[in-house]
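Down below is the structure, laid out as structure tokens.
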Amino acid sequence: MAGAVINWRSWMLPSNQKTGRAQVATGLLALAAPFAGASWHWWGLALFGYFMYACVGHSVGYHRYFAHRSFFAPRWAEVLFTFCGVLGCVGSPVTWVLMHRRHHLHSDKEGDSYTAHEHPRLGLDALLISNYRQNHNPFKLRRALRRDRFQLWMLRHNFGVVALFAGGLLALDWRLFLFGWAVPVALTLWMSALDAYATHHWGYKNYKTDDESRNLWWMALLFWGEGWHNNHHARPLDWNFRKKWWEFDIGAGVVWLIQSASGRAKTRGRNFADGGRG
């Protein structure tokens, strides 16, 4: 079944090119949003959407949980992480995990999925997610999909889920579409790209690593703790990216709440995708 998805319906798989198009399109809508004449309530909705898509979906769910399995989460949390990430146009957890683990394996070297090491100066090319290298291993993708039918379903239907959600918001009210989806998605994707670049060029190191990962305080504030990148690369199994008392990590607070609710604060999750945690 998983093989059929890969062989016959590869055009449906999430890709960096599709995510890149969403990044550009929602970015243009976000630039137009200040001229929409909306009240502060709508901007509050945009901030909440950014929290759900970028913090709950991207940082806590896709990154800390699915990619590194650094904490235990009940099934309801897995489903929440997945829907938040998919609706935020981050893609399928399976494909995102495989790409991110490749980044850790080849960080700042040939084969790195992300392109920060290829751009000494910040420019548009350095921030376009469409330039990232996905390079999925079909065997690992099949293994991951056989383990979880829900993730297989989300892989096959993620574009339909996004279209149904965004289209439904637009049908109800264009402001719901703009501030409940387009603006927070733009923030999620552009901040993700900025984080991938900035934390490999600017900042300080708490740990000596074999790459250029660095800690950047303002990136951590803008992107839910993800800016403590050197801490994360040095200890990828830690769900709390904070290592000094003043390194504030909002994402870690969300993880703590989930762990407290599940009563499994010291238990890591099961393996996912290719079984690695690096």
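What follows is calculated from the coordinates using simple rules that are stated; it is not laboratory data. Nothing here was measured: the structure is a model prediction, and the numbers come from that model. So basically every Cβ, Gly included, is an ideal-geometry build from the backbone, and we count neighbours across all protein chains shown.
Taken as entire DSSP H runs, the helices of the chain never both span 30 Å or more between Cα atoms along their own long axis and average 1.6 or more on the Kyte-Doolittle scale.
Hey, of (1) 6, 29, 35, 21, 7, 1, 0; (2) 7, 30, 38, 22, 4, 0; (3) 5, 20, 24, 17, 9, 6, 6, 6, 4, 1, 0, which did the structure itself give for P(r) over Cα pairs in 10 Å bins from 0, in percent when calculated? Only one listed value fits the structure, namely (2). With both labels modelled 7 Å from their Cα along Cα-to-Cβ, the L124 to L221 distance reads 2.9 nm. Please name whichever of F223, L124, H233 sits farthest to the positive end of the charge dipole of the chain, dipole taken about the Cα centre and charges placed at Cβ: Lys and Arg +1, Asp and Glu -1. Checking the options against the dipole of the chain, the answer is H233. Less than 5 angstrom separates the built amide H of F72 from those of T267, G269, all sequence-distant by 5 or more or on a different chain.
Placing +1 on the Cβ of every Lys and Arg and -1 on the Cβ of every Asp and Glu, with no other charges, gives the chain a dipole of roughly 1060 debye about its Cα centre. Put a dot 7 Å past the Cα of W40, heading toward its Cβ, do the same for L170, and the two dots end up 3.1 nm apart. Over the chain, with a Gaussian network built from C-alpha contacts below 10 Å, which listed residue (S15, S260, S130) shows the highest mean-square fluctuation? With Cα springs under 10 Å in the chain, the top fluctuation among S15, S260, S130 is at S260.
Its DSSP H runs of at least 4 residues, each contributing -39,500 (n - 2.57), put the calculated 222 nm mean residue ellipticity of the chain at -15500 deg cm²/dmol, to the nearest 500.
Result for the chain in a Gaussian network model with C-alpha springs under 10 Å: among L216, L194, L122, the largest mean-square fluctuation is at L122.
Each residue of segment 211-216 was assigned a 3J(HN,Hα) from its phi angle through the Karplus curve 6.51 cos²θ - 1.76 cosθ + 1.60 (θ = phi - 60°); the sequence is 9, 9, 4, 9, 9, 9 Hz, with glycine and proline shown as x.
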